[in-house]
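Trainee: Dropping the structure in here first, questions after.
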Amino acid sequence: MQLVNRIIEAVNLPLSPKYLRVTAILIAIYKVLTAHVFLFVMLLGLAHAEEMSTILQMSIADQKDGEYIWTTSEQEESINEWRFKSAEKLASVTLCVLYIGTTVATIYVLSCLGLLIGTLRNRHEFFIPWMVVDFFGTLAIGSVVLA
């Protein structure tokens, strides 16, 4: 019984009022680190997609060899032209999604930094941007899961 009480006490220790500020600071640091990782992944994907788009544009410009000369539709398009058009659409959609994701990640990083600064300086007005962004993020994730 004494062992169970010690385990319960150890679990409740970070939640006691004595350690509440330290716990809040650790949560804010965790949020800032995860937000920076999210932003890094978005920027890495954006750089890769930009390079992919550049290579695709160079391939479209370099398409002078008649590797596929058969037409596939009434518009007299070759198979290469059709493939390049579909790849160009996919690249533009990918770039748009990554730009939106980078913007969202930047806003999340700034709000998490506000949370950390507000926690360290004990200024509650810095918590509000993080709470708003976190609320809308929860709504967005919930709507994606339910869709």
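Trainee: I'm trying to understand the selection: among the residues of segment 13-30, which are in a helix (DSSP H, G or I) and either at pLDDT 80 or above or more than 33 Å from the chain's Cα centre (by Cα) (or both)?
Mentor: Listed by number, the residues that qualify are 13, 20, 21, 22, 23, 24, 25, 26, 27, 28, 29, 30.
Trainee: Assess whether residue 111 counts as being part of a helix (DSSP H, G or I) and touching an Asp or Glu at 6+ places or on another chain (Cβ under 8 Å).
Mentor: Against the criterion (part of a helix (DSSP H, G or I) and touching an Asp or Glu at 6+ places or on another chain (Cβ under 8 Å)), residue 111 qualifies.
Trainee: Something else now. Among 44, 33, 3, which is at pLDDT below 85 and loosely packed, with under 13 Cβ neighbours inside 10 Å? Spell out the reasoning first.
Mentor: Details: 44 fails: at pLDDT below 85; 33 fails: at pLDDT below 85.
On inspection, the qualifying residue turns out to be 3.
Here's the yes/no breakdown for (1) in contact (Cβ under 8 Å) with a residue 60 or more places away in the chain; (2) in contact with a Lys or Arg (Cβ under 9 Å, 6 or more places away or on another chain); (3) surrounded by 13 or more Cβ atoms within 10 Å (Cβ to Cβ):
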| residue | (1), (2), (3) |
| --- | --- |
| 86 | no, no, no |
| 99 | no, no, yes |
| 110 | no, no, yes |
| 119 | yes, yes, yes |
| 126 | no, no, yes |
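The values are calculated or read from the model by the stated rules, or taken from the named source; none is laboratory data. This one's a predicted model, so the numbers in the text were calculated from it and none came from an experiment. Note that each Cβ is placed from the backbone with ideal geometry, even for glycine, and that neighbours are counted across all protein chains shown.
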